1. Under a point-charge model restricted to the Cβ atoms of Lys and Arg (+1) and Asp and Glu (-1), what is the dipole moment magnitude of the chain relative to its Cα centre, in debye to the nearest 20?
2. Taking the Cα atoms only, what angle lies between the long axis of helix 148-165 and the longest principal axis of the chain, rounded to 10 degrees?
3. Highest GNM mean-square fluctuation, the chain, Cα pairs closer than 10 Å: which of LEU152, LEU197, LEU63?
4. Could you run the Debye sum over the Cα atoms of the chain, one equal point scatterer each and no solvent, and tell me log10 of I(q)/I(0) at q = 0.11, 0.13, 0.17 Å⁻¹, two decimals?
5. Note down the relative contact order for the chain as a percent, whole number, built from C-alpha pairs under 8 angstrom at least six residues apart.
6. Rounded, prolate or oblate: which fits the range 47-153 when a ≥ b ≥ c are the square roots of the eigenvalues of the alpha-carbon gyration tensor, with rounded for a/c under 1.5 and prolate only if a/b beats b/c?
7. Per residue, how big is the convex hull of the range 94-216 when only Cα atoms are used? Give it in Å³.
8. Just to be sure I understand the curve: with the Debye formula and one point per C-alpha of the range 164-216, what is log10 I(q)/I(0) at q = 0.15, 0.19, 0.23 Å⁻¹?
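Only the coordinates and a few stated rules stand behind these numbers; no lab work does. What you are looking at is a predicted structure, and each value in this text was computed from that prediction instead of being measured. Don't worry about glycine lacking a Cβ; one is built from the backbone with ideal geometry, like all the others, and counts go over all protein chains shown.
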Amino acid sequence: MSYQTGPSPLSPADRPLDYWLSPELAAVTPAGARSRLREIAGARGSYMGAWAAGVGIGTVLVLMGVLLAVRLGTFALLPSFGIPGAALAVLCGVFYVRVRDRLPRTDRALVNRGPGNLRGALSFVAFILIVFIGLFAFTAKPSTWQDPGVLLTLAMVLVFVVCLLVGAIIVPATIMGRSRESLRRKAATDPRFRALLEQDLVTWRDPYGNAGYGPL
């Protein structure tokens, strides 16, 4: 399968990197057309999204420990959630920075089975919350709505669920949905990363045809 780069496929050496990165070229190329730059952006976004999800989940665990400590009036459970959560957030944060600053291996990109953009993530999260709240509303006894303790617990659970969905769904989907813009911005502001792209432009050749390096 050959890469497609718009009306005039060209060899990578025929054009400079700025040409392939230009928003004007991307605007006149079908959004679904494939190119080396788009594969790099997609793989980079997938890895960044995955590690960002780990940071989000770790942060939510720390928040869960704090909420439980406040709710129960004891800090005994805080280390049980806070230490693993903080460790997960720090570890995933380190890997997030690593994949953000390097060219990914496009032949081993992660397979994303969740929403791939912010709009899809918001729709998915809204559906989950509606189902969650609907199930509770239909199964709760009338006396439940008059018990402040139960309502406070429900509010804490809802806050936890919302934070978890934001960290594990919305944030990664947003990163993946903006992967092309992120790559263009990174190439414009980070000389080291741009040098990696320049080197890849020089050495890469379409293994199935004579397609160009971009567009993005």
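1. Numbers: 22 positive and 12 negative charges, 26 e Å.
Dipole about the Cα centre, nearest 20: 120 debye.
2. 10 degrees
3. Residue with maximal mean-square fluctuation among LEU152, LEU197, LEU63: LEU152.
4. Debye output, listed in q order: -0.66, -0.82, -1.14.
5. Working: 284 pairs, mean separation 94.5, N = 216.
In percent, rounded to a whole number, it is 44.
6. Details: a/c = 4.49, a/b = 1.51, b/c = 2.97.
Oblate.
7. Numbers: hull volume 18.2 nm³, N = 123.
So the per-residue Cα hull volume is 148 Å³.
8. So the normalised log intensities are -0.60, -0.79, -0.91.
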